[in-house]
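The values are calculated or read from the model by the stated rules, or taken from the named source; none is laboratory data. Note that the coordinates shown come from a computational prediction; the quantities given were computed from them, not determined experimentally. Cβ coordinates were reconstructed from backbone atoms using ideal geometry, including for glycine residues, and neighbour counts include every protein chain displayed. For accessibility, only protein heavy atoms count, side chains too; no ligands or nucleic acids. Shrake-Rupley method; radii C 1.70, N 1.55, O 1.52, S 1.80 Å.
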Amino acid sequence: MLARAVTHALVGLEPRRVDVEAHVRDGIPGFAIVGLADRACQEARERVRSGISAAELSFPPGRITVNLAPAELRKEGSGFDLPIALALLAASRQLPRSALERTAAVGELALDGRLRRVGGVLAVAEGARRLGAERLLCPADSAREAALAGVAAIPIRHLAEAAAYLRGELELEPEPPLAPNGDGDAAPDLADVRGQERARRALELAAAGGHNVLLGGPPGTGKTMLARRLPGILPPLDSDAALEVTRIHSVAGLVDGERPLVSRAPFRAPHHSASTAAIVGGGPHLRPGEASLAHRGVLLLDELAEFQRPALEALRQPLEDGFVSVSRAAGRVVFPARFQLVGTMNLCPCGGRGDPAAQCSCSAQRLARYRDKLSRALLDRFDLVLAMPRVRGEELAAAPGESSAAVATRVTVARERLAAGPPSRDQEADALLRRAADRLHLSGRGYARVGRVARTIAALAESDSVRAEHVAEALSYRSPDELSRV
């Protein structure tokens with residue numbers, strides 16, 4: 001007997017339909033899975049065999065062949081366990097084959113028949129909806145995630161439940177549409193920061209205009225503390241952006257089963273020992289990297305100069321294009337990666353440079369090697385570059401500063417003004433920018449980025465045009481003195 005179930009394989013973030021065909025015939029007992037299945041998928045033979053027995057169902061005797069079509073598409077992971085088990089039960093007449101029509105399934109089987117969640121359920125559910133499937137059978141703790149795609153997500157806790165439901169012996173209600181998560185966990189507050197008014201201003205500009213920031217200075221000046229407070233002043237994601245970000249986190253297996261929708265701008269802070277594949281994506285299974293996990297959010301590279309140079313140089317393309325293209329012999333995968341890059345670093349390896357209370361012990365050669373880790377092309381992609389001084393004692397003892405909520409209100413208003421139509425430069429501002437391009441030797445990219453920062457400054461000032469003082473402030477964040485110190 002031949003039976004068929006439907007599921008999806010993931011190619012990057014895109015779901016591809018997979019027909020799970022099960023054929024049971026007389027002969028020497030055996031169980032073969034064909035169709036370019038990886039090791040985790042091949043090991044489904046033992047999980048399915050044990051799960052069917054644990055559900056008090058009969059494992060089919062004879063020769064079993066399971067084909068995952070199309071055969072040229074690589075199948076990875078354990079999410080094929082449930083559709084394989086259902087196709088086998090239908091092929092052995094323990095389920096009506098008609099019950100699997102217009103039905104998709106995904107999930108990993110435990111040896112006792114329970115269903116475990118797998119990554120990428122949201123993408124699988126979106127693929128099922130596009131195919132016109134009426135329902136998706138999935139693990140119970142993934143049902144809320146699947147319901148985000150607009151498909152009827154049937155929560156399944158055990159293989160016996162799935163069999164009883166498909167035979168019409170058990171009624172299971174689809175997971176209801178998910179209510180908004182609210183703001184989620186509270187981000188660190190800017191009120192905790194003492195002093196550093198110029199750096200706080202740069203952070204507000206970065207949030208309002210989506211600019212990249214590089215903070216340099218001696219250890220203990222609050223660089224990392226400030227950077228970690230940038231997500232708290234960013235506006236919440238709209239519904240389309242939230243679903244796009246959730247899809248990426250779902251494929252990476254990072255979605256919270258209770259609150260699957262990512263409604264706040266994501267924040268990622270990888271360690272400086274991370275590899276190039278970990279930062280931009282790829283690897284043996286072509287999974288999204290930190291740059292994609294920070295899509296529509298913030299990617300913090302703390303101790304920027306300690307990262308491997310190839311990993312930093314690999315960020316140049318996504319910073320310009322907003323996506324990461326990973327090419328392998330088997331094909332090409334594109335991951336979205338439109339993020340704000342925030343870098344923090346000391347001004348020298350020992351950390352004493354720029355600190356009047358310390359003496360730099362770095363040799364010229366050591367300092368040159370430290371600076372060579374950051375190419376000029378990468379530094380040119382930072383819109384705001386500033387060196388942070390050590391905070392004075394009276395500033396540390398001062399009252400809390402302005403809260404993130406107050407700053408976030410101004411950021412939201414500025415973003416609305418920029419979205420409605422960015423202000424244009426007046427003649428005086430245009431002349432100043434042209435003169436600065438010659439005297440400061442700005443590149444074409446630097447010229448454009450100064451103009452963008454000036455428009456953000458004008459939007460925060462609620463000005464109808466970009467004036468000379470706005471351009472002057474934008475230029476102060478790209479001055480040769482700041483770049484040479486960093």
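What the table shows:
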| quantity | calculated |
| --- | --- |
| Residues that are assigned to a loop (DSSP other than H, G, I, E, B), open to solvent by 50 Å² or more (accessible area, probe 1.4 Å) and of a type outside the set (Gly, Ala, Ser), drawn from the stretch 249-291 | 254, 256, 258, 259, 264, 271, 272, 284, 285 |
| Matching residues in the stretch 17-43 - criterion: being over 18 Å from residue 70 (Cβ atoms) and surrounded by 15 or more Cβ atoms within 10 Å (Cβ to Cβ) | 24, 31, 40 |
| Residues of the stretch 334-351 classified as open to solvent by less than 10 Å² (accessible area, probe 1.4 Å) and more than 21 Å from residue 382 (Cβ to Cβ), total | 1 |
| Selection within the stretch 45-83 - without any contact (Cβ under 8 Å) to a residue 40 or more places away in the chain and part of a loop (DSSP other than H, G, I, E, B) | 58, 59, 60, 61, 62, 71, 72 |
| Single condition residue 127 does not satisfy, out of (1) in a loop (DSSP other than H, G, I, E, B); (2) more than 20 Å from residue 88 (Cβ to Cβ) | (1) |
| Looking only at the stretch 361-370, and only at residues there that are open to solvent by less than 50 Å² (accessible area, probe 1.4 Å) and either assigned to a loop (DSSP other than H, G, I, E, B) or hydroxyl-bearing (Ser, Thr, Tyr) (or both), the one that is farthest from residue 242 (Cα to Cα) | 362 |
| Of the criteria (1) at pLDDT below 95; (2) more than 30 Å from residue 476 (Cβ to Cβ); (3) out of contact with any strand residue (DSSP E or B) (no Cβ under 9 Å at 6 or more places or on another chain); (4) hydrophobic (A, V, I, L, M, F, W, C), which one residue 131 fails | (3) |
| Enumeration of residues in the stretch 49-61 that are open to solvent by less than 10 Å² (accessible area, probe 1.4 Å) and either polar (S, T, N, Q) or in contact with a strand residue (DSSP E or B) (Cβ under 6 Å, 6 or more places away or on another chain) (or both) | 51, 60 |
| In the stretch 228-248, the residues that are open to solvent by 20 Å² or more (accessible area, probe 1.4 Å) and farther than 19 Å from residue 177 by Cβ | 228, 229, 235 |
| Complete set of residues in the stretch 144-161 that are touching a Gly at 6+ places or on another chain (Cβ under 9 Å), part of a helix (DSSP H, G or I) and open to solvent by less than 30 Å² (accessible area, probe 1.4 Å) | 145, 159 |
